[in-house]
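Asks: Got a structure for you, questions after.
Just so it is clear, none of the values below were taken in a lab; they were calculated from the coordinates. Computed from a predicted model, the values in this text were never measured in an experiment. Heads up, the Cβs are rebuilt from the backbone with ideal geometry, glycines too, and the neighbour counts pull from every protein chain shown.
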Amino acid sequence: MTGFEAVILTIVTAATPLLIAALGELVTERSGVLNLGVEGMMIVGAVTGFAGAQLTGSPYLGVCASMLGGMALASLFGFLVLRLAANQVASGLALTLLGLGLSGMIGEAFIGQPGLKLERIDIPFLTDLPVVGAILFGQDPLVYMSIALAVSVSWFLFRTRPGLALRAVGNNHDSAHMLGVHVIRTRFLAVLFGGACSGLAGGYLSLAYTPQWVEGMTAGRGWIALALVVFASWMPLRAAIGAYLFGGALILQFHAQAEGIALPSQFLSALPYLATVAALVILSRDRWTARNDSPSCLGQVFVPDR
Amino acid sequence: MLRATIFAAFAMMLALPAAQAADPVKAAFVYVGPIGDHGWTYQHDQGRLAIEEAFGDKVETLYVENVAEGPDAERAIERFAREGADIVFTTSFGFMNPTVKVAKRFPDVKFEHATGYKRADNVATYSARFYEGRYVIGQIAAKMSKSGVAGYVASFPIPEVVRGINSFLLGAQSVNPDFKLKIVWVNTWFDPGKEADAAKALIDQGADIMTQHTDSPAPVQIAGERGVHAFGQASDMDAFAPAAHYTAIIDDWSAYYVSRVKAVLDGSWESGDIWGGFAEDMVVMAPYTDLPDDVAADAAAMVEKIRSGEFHPFTGPIYDQEGALRVKEGERADDGMLLGMDWYVKGVDDKLPQ
């Protein structure tokens, strides 16, 4: 493996959890629900994924467990904000706190255990190709899945009828309701999808990125994913660009430091955030499209019978 | 009126536990992180468990996790004092001012603050000389490295961390004067993902031995994946990469905590300041694994030399990066210089972030 390949592989690993979580939140927000509990669902996904893999001996079952963990928390959130019409911001923040505490409790038995790693794929001959081999054919399975997910979310939202219905619910829930779209059900499914993605992103951390369980290991990635959705102006492919840019800047600044480049490390640490914000703002600078893209019912409560 | 009632209620809450506190000694701990960090807070909690083990039902221990540094800490500390704790350990640098403040209001409660420098009649401070261990692993690194380059995942540019880097490199230079050290600052104490990424970057640039001043086992694990070697931090991290892990610098607070609670039990507790290292068993090396016998024996011998006071890691001549003589030949850096260290020794290939 050459240095170039190693750097690209590291960047992809850093970007993937952000991308997966951002895609889930993007779909949730497109349906008009603001779920600030990404960090909480992610950390619960990390611990259930780790636990699932340790107990069954299979990292793939761990991946499933991480999605289920995220969905369990998301369904609680969905019940609160959709069924009981609770405030979305408050419920989302509560979800994060709940997730952080709950994950610590579930994970107590797993502290200090080395985890099972979701191995990178290895296709004879193809993976050994010079320069591009490891990058194109040597990633772990979730990397391919995350890219497929970005493309399919984009396709679903803008090229299918259910996607249109979901956007309609997010843009004007009253009209969508009049047209016979089941607003609450659509939103609940979108929330569940968001939960599954957040959980999966957490599972990626505890199964592929750093196969271990330590409390608080998401370390704020859920919040970065949330910010990516906004800066990507709710466009899946822009979110992918943002995630890779963020990962790229993060890794390259580490390399710059290790090379001994004389820039303050605090500035270098802030660089990924600055670069991502700047790039996504430039991408979304067209005000007309920006207005068009953001779901206008975001965060608003919908009660059909009232 | 209402206010008066509330005050009366508070006064009762204050008075009651104090009257009841006679039987078991209550020892309380305020933690900055979760017990499950497998690092800093985990080791403090091991110390708490050691107290329970040592004294059985003569003591009762209490703790609170994830206390933010700042005003929140004051509330947490005060709560323990009100609940009748006899001794409160506050285990993070940022708890210093809150501890001193609360201690003024509760002169009968004893307080112990880790890594700080403000003391009072009922506030003692304690810390550990981790740099002693870093000198030892620096020597091991220089003996075992093939590329002659080590990677250092660093947290924040504070004296504690800079001292560790200097001590590591001084140890390495004592074996190989041309030894190189690459440093990446991740600006966090705890973020497994970032720590892993930093480790990968360092290994990609030729480091074949990893060490860290951050709290998660991620860099050790990455070293294992990449087939290079590493030293654990704060606790034994061998399980995360058995083939890569040479040894670890372990913070061991158990003996200190047990001795301080014992002092409370027999009434001999006094305020003071302990900065303990190998000699006090506050810093301990994990078992040496995957090392040639002579390297392991040399490391153990060096630990003994530091323990007995025969050798000090910061013994002159020590030059800083600009080549200025900081410690004269044959002299030792005093604790004041060590506690305020804000310069790199000669040979560090990095500019210290200010």
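Asks: Taking the Cα atoms of the stretch B:275-333 alone, what are Rg (to one decimal) and Dmax (as a whole number) in Å?
Replies: 14.4, 39
Asks: Further, regarding this structure: Take the alpha carbon atoms of the stretch A:106-159, find their center, do the same for the stretch B:251-289, and report the distance between the two centers in whole angstrom.
Replies: 47
Asks: Placing +1 on the Cβ of each Lys and Arg and -1 on the Cβ of each Asp and Glu in the stretch A:3-293, which of A:47, A:35, A:160 has its Cα farthest towards the positive end of the resulting dipole?
Replies: Comparing the listed Cα positions along the dipole, A:160 ranks first.
Asks: Show me the three semi-axes of the equivalent ellipsoid for the protein assembly as shown, from the C-alpha gyration tensor (sqrt of 5 times each eigenvalue), largest first, rounded to whole Å.
Replies: Numbers: eigenvalues 398, 243, 87 Å².
They are 45, 35, 21 Å, listed largest first.
Asks: Of the options B:199, A:145, A:179, report the single residue whose Cα projects farthest towards the positive end of the charge dipole of the protein assembly as shown (beta-carbon charges: Lys, Arg +1; Asp, Glu -1).
Replies: Farthest along the dipole direction, towards plus: A:179.
Asks: Cut-off 10 angstrom, C-alpha nodes, Gaussian network model of chain A. Which of A:26, A:142, A:263 fluctuates the most?
Replies: A:263
Asks: Here's something else I'd like to know. So what's the gap between the Cα centers of the stretch A:12-59 and the stretch B:83-114, to the nearest angstrom?
Replies: About 39 Å separates the Cα centre of the stretch A:12-59 from the one of the stretch B:83-114.
Asks: Follow-up question, since we're still on this one. What is the magnitude of the charge dipole of the stretch A:190-306 about its Cα centre, with +1 placed on the Cβ of each Lys and Arg, -1 on the Cβ of each Asp and Glu, and no other charges, expressed in debye to the nearest 20?
Replies: 280
Asks: Roughly how many Å is it from the Cα centre of the stretch B:23-78 to that of the stretch B:324-338, as a whole number?
Replies: 36
Asks: Evaluate the Debye formula for chain B with equal point scatterers sitting on the alpha carbons, no solvent, and hand back log10 of I(q)/I(0) at q = 0.06, 0.10 Å⁻¹, in q order, two decimals.
Replies: Once normalised to I(0) and log-transformed, intensities are -0.24, -0.64.
Asks: Rounded to the nearest 500, what is the 222 nm mean residue ellipticity of chain A from helices alone, with -39500 (n - 2.57) per DSSP H run of 4+ residues and division by all residues?
Replies: On the way: 13 runs with 210 residues, N = 306.
Helix contribution divided over all residues of chain A: -23000 deg cm²/dmol.
Asks: Taking the Cα centre of the protein assembly as shown as the origin, how large is its charge dipole in debye, to the nearest 20, when only Lys and Arg (+1) and Asp and Glu (-1) carry charge on their Cβ atoms?
Replies: So the dipole magnitude of the protein assembly as shown works out to roughly 2680 debye.
Asks: Between A:40, A:180, A:199, find the one with the highest GNM mean-square fluctuation for chain A; connect C-alpha pairs within less than 10 Å.
Replies: A:180
Asks: Pick out which of B:335, B:290, B:238 has the largest mean-square fluctuation in a Gaussian network model of chain B, springs linking Cα atoms closer than 10 Å.
Replies: So, out of B:335, B:290, B:238, the one fluctuating most is B:335.
Asks: Now for a separate question. Using only Cα atoms, what is the ratio of the radius of gyration of chain A to 2.2 N^0.38 Å?
Replies: Compared with the compact-globule rule of thumb, chain A sits at 1.01.
Asks: A further question follows. At q = 0.10, 0.22 Å⁻¹, work out log10 I(q)/I(0) for the stretch B:35-136 with the Debye formula, treating every Cα as an identical point scatterer and leaving solvent out; two decimals please.
Replies: -0.29, -1.27
Asks: Compute and list, largest first, the equivalent-ellipsoid semi-axes of the stretch A:201-259 from the alpha carbon gyration tensor, each √(5λ) rounded to a whole angstrom.
Replies: Gyration-tensor ellipsoid for the stretch A:201-259: 21, 18, 10 Å.
Asks: Also, I was wondering about something else. Using the Cα centre of the protein assembly as shown as origin and beta-carbon charges of +1 (Lys, Arg) and -1 (Asp, Glu), tell me which of A:240, B:85, A:16 is placed farthest towards the positive end of the dipole.
Replies: A:240
Asks: At 18 Å minimum axial length over the Cα atoms and a Kyte-Doolittle cut of 0.5, report the qualifying DSSP H helices in chain A, or say none.
Replies: Correct list, ordered by number: A:3-30, A:38-56, A:59-78, A:88-107, A:141-159, A:183-204, A:236-258, A:265-283.
Asks: Round to the nearest 0.05 the FRET efficiency obtained for residue B:281 and residue A:223 when R0 = 45 Å and r is the Cβ-Cβ distance.
Replies: Efficiency at R0 = 45 Å is approximately 0.65.
Asks: Right, next: If eta is 1.002 mPa s and T is 20 °C, what Stokes-Einstein diffusion coefficient results for the stretch A:195-306, Kirkwood Rh from Cα pairs, in µm²/s?
Replies: The calculation lands on 131 µm²/s.
Asks: Continuing with this model, one more query. Using all alpha carbons of the stretch A:5-152, what is the percent of pairwise distances in each 10 Å bin, ordered from the shortest bin to the longest?
Replies: 11, 33, 33, 18, 5, 1
Asks: Rank the residues A:71, B:144 as a footprinting-exposure proxy: fewest other Cβ atoms within 10 Å of their Cβ go first.
Replies: Numbers: A:71 25, B:144 17.
Fewest-to-most Cβ neighbours within 10 Å comes out as B:144, A:71.
Asks: Now a separate question. Could you work out the Rg to Rh ratio of the stretch B:249-354, with Rh taken as the Kirkwood radius (inverse of the mean 1/r over all Cα pairs)? Please report the intermediate quantities before stating the final value.
Replies: On the way: Rg = 17.9 Å, Rh = 16.9 Å.
Reported Rg/Rh, Kirkwood definition of Rh: 1.06.
Asks: Please work out, to two decimal places, the log10 of the ratio I(q)/I(0) at q = 0.14, 0.17, 0.19 Å⁻¹ from a Debye calculation in which every Cα of the stretch A:80-198 carries one identical scatterer.
Replies: Computed log10 I(q)/I(0) values: -0.90, -1.02, -1.09.
Asks: Would you calculate a helix-derived [θ] at 222 nm for chain B, using -39,500 (n - 2.57) for each DSSP H run of n ≥ 4 and dividing by the full residue count, to the nearest 500?
Replies: Taking each H run of at least 4 residues, the total per residue is -12500 deg cm²/dmol.
Asks: Convex hull over the alpha-carbon atoms of the stretch B:137-268: what's its volume per residue in Å³?
Replies: Output value, Cα hull per residue: 123 Å³.
Asks: Structure shown: which of B:104/B:262; A:117/B:180; B:118/B:328; A:117/B:146; A:117/B:200; B:305/B:351 lie over 21 Å apart, alpha-carbon to alpha-carbon?
Replies: B:104/B:262; A:117/B:180; B:118/B:328; A:117/B:146; B:305/B:351
Asks: Just round it to a whole percent: the fraction of Cα-Cα distances in the stretch B:70-110 exceeding 13 Å.
Replies: 40
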